[in-house]
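First the structure, in the form of structure tokens, and then the observations on it.
The values are calculated or read from the model by the stated rules, or taken from the named source; none is laboratory data. From a predicted model like this one, the values you see are computed outputs, not experimental measurements. For neighbour counting, all protein chains shown are included, and Cβ atoms are generated from backbone atoms with ideal geometry for every residue, glycine included.
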Amino acid sequence: MPGVPNVCLRLPTGGGKTLLAAHTVAVAGRHFLERDYPVVLWMVPTNTIRVQTAEALKKPGHPYRAALDDAFDGRVSVFDASEIAQIRPQDLTERVTVIVITIQSLRTTNTDGRKAYAHSENFEPHFAHIPADTAGLERAENGGIKFSFVNLMAFHRPLVIVDEAHKAGTALSFDTLAALRPACIVEFTATPNTDPRSGSNVLYRASAAQVKAAQMIKLPIVLTEHPDWRAAVHDAIETRARLAETAKADPRYIRPLTLFQAQDKGQEVTVEVLKQFLIENENIPAEKIPGGFHHHG
């Protein structure tokens, strides 16, 4: 999007991306947007994470909420996607307002996405003081400004936080975001999109070792290099088996898990290739491989 700053911070899983995103609201809002109370559209990959993130941002004392309360003297409103109709005009001008949604909820290919673009009388109070000739807003058939969520965001020009949202199974669409007229986009991810045309603009990378050195990861990290992916997968399975034996001596029920991240379609080690290797070479029954086996976008 021409003229819209779009940057990506690459951080390892468990590296505190969401906490940094919470601190980003004040930094970007004041030093770039120069607004006392920015409107923030916080995008996440799934509805489960959406609910979890919204709950954490609402909870007094939670580190995510504390970052916002400290920066904005407690003048903070957080809305889950299901609560958008509850947003009042003063929330968008007198407080920092964070709206947590999934990227899918803006796609016109599904019902929720179509709702975001549809005229709704719920939003009429927001548009009462917006001049009828305001540019950049979608019009209704009668030529008036459409009272839609997308138009409301386009008028306020939100700070867009992208918290791993591209993992939703399809690439983050800049066409989708363009309708919102964002003032700035800041993405946090462990796996940036590397497409040369639509990929992430990685401004800074932090390795797992750097994050651990800064004491931001409390769990031990043990790395072993392997000559190829098959050896890495085999060793991971062997390691899990050893840990399972060790765990038997613990009075608590501990079941070690192995998590494999397959490559995207078109690359060498796709979900199908990895699953076939586990079944045929490692003799793992198909039913032991969880149904959650899916593609990362």
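Checking the stated criteria, P12 turns out to be out of contact with any Asp or Glu (no Cβ under 9 Å at 6 or more places or on another chain) and either under 25 Å from A206 (Cα atoms) or surrounded by fewer than 21 Cβ atoms within 10 Å (Cβ to Cβ) (or both).
R107: surrounded by fewer than 19 Cβ atoms within 10 Å (Cβ to Cβ), in the same structural domain as L159 (by TED's automatic domain parsing) and touching a Gly at 6+ places or on another chain (Cβ under 8 Å), yes or no?
On the way: surrounded by fewer than 19 Cβ atoms within 10 Å (Cβ to Cβ): yes; in the same structural domain as L159 (by TED's automatic domain parsing): yes; touching a Gly at 6+ places or on another chain (Cβ under 8 Å): yes.
So R107 passes the test.
Has region 140-149 got any residue that is closer than 24 Å to L33 by Cβ, in contact with a helix residue (DSSP H, G or I) (Cβ under 8 Å, 6 or more places away or on another chain) and touching a residue at least 40 places away in the same chain (Cβ under 8 Å)? Yes, region 140-149 has at least one match. Of all residues in region 10-50, those satisfying the criterion of being without any contact (Cβ under 8 Å) to a residue 60 or more places away in the chain and among the polar types (S, T, N, Q) are N47, T48. For region 19-46, a residue qualifies if it is out of contact with any strand residue (DSSP E or B) (no Cβ under 6 Å at 6 or more places or on another chain) and of a type in the set (S, T, N, Q), and exactly one does: T46.
Of everything in region 111-162 that's under 28 Å from the mean Cα position of the chain (by Cα) and of a type in the set (G, A, S), which residue is nearest to A178 (Cα to Cα)? My answer is A154.
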